[in-house]
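*Asks:* First the structure, then my questions, so here it is.
The values are calculated or read from the model by the stated rules, or taken from the named source; none is laboratory data. Just so it is clear, the model here is predicted, and its values are computed rather than measured. We place every Cβ from the backbone using ideal geometry, glycine too, and count neighbours over all the protein chains shown.
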Amino acid sequence: MRRRWTASVLVAAGAVVFGYVVSREDWWAAVLRALFPTMPVVVFPSATLAVLVVQHLQIVLVSSAITLLVGLPLGIWVTRESGRDFRELVTAAVDFGQTFPPIAVLALMMPILGLGLAPAIVALSLYGMFPVVSGTVAGIDAVPAAVLDAARGMGMGRWSVLFRVELPLAARVIMGGVRTSVIVNIGTATVAAATGAGGLGSPIFSGINTQNYALVLEGAAAAAMLALLADAALGRVEGLVTPEG
């Protein structure tokens, strides 16, 4: 219990430090100026890093929420009797979503949804579906049949077995898929800048277009720190939802 509290405090402290660091534009300018002394501009001029991080979080949170709201029930459904016949079809569909490049989805969605958040959200939601669905299926499949038989023998109905036995025992594997999906989403969300949605991809795209590697590093470093912080936070959530023993 003490270790859990310590880890939670460290994650909270890391979030505070990250928020403070990204709000200090002068620090970033000084570090990037030292690394790239010949670059005329070393920080993204159109928005502060704090604003870009907030935009990036908005993109990630909305797309990840959609992925979880669709992926978790879908993974559960294909392990039920009513959905077993569709398991291969669902698996193939989420596999395709994972392998289809998000930038291609953006290109296809922009004529339909226009510029802004909408095409980026669609692309990222589809791209993050595979780890969630596969993790849910793998976690539930790993629950021992003897445990399920014992639960039914105690008089539990199918919903009680699902929520009181299967999901708690599968929680660690499911959360592993969720963590993978969110972390991949944070990195991939940089492509949202291509639709004008903003986020940490804005300095990266601007830096690539102008061959200004200080801007590329600004966006990439902030995205990497955000991914590490999100992974640590989701690790604490995984510990909370996983039954002891």
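*Asks:* Within 30 Å of Pro131 (Cα to Cα) and among the β-branched types (Val, Ile, Thr): which single residue out of Val21, Val17, Val43, Val31 fits that description?
*Replies:* Result of the check over Val21, Val17, Val43, Val31: Val17.
*Asks:* Do any helices (runs of 4 or more DSSP H) lying entirely in segment 1-98 carry at least 3 residues that are basic (Lys, Arg) and either within 24 Å of the chain's Cα centre (by Cα) or closer than 24 Å to Leu234 by Cβ (or both), and which ones are they? Can you show your working first?
*Replies:* Numbers: elements: 2-23, 25-35, 49-77.
Output list reads 2-23.
*Asks:* Further question: Going through segment 66-101 one residue at a time, which ones are under 17 Å from Val133 (Cβ atoms) and at pLDDT below 85?
*Replies:* If the condition is that a residue be under 17 Å from Val133 (Cβ atoms) and at pLDDT below 85, then Asp95, Phe96, Gly97, Gln98, Thr99, Phe100 are the ones that fit.
*Asks:* Let me ask you something else. Can you confirm whether Ala150 is of a type outside the set (S, T, N, Q) and under 19 Å from Leu52 (Cβ atoms)?
*Replies:* Taking the combined requirement at face value, the residue does not satisfy it.
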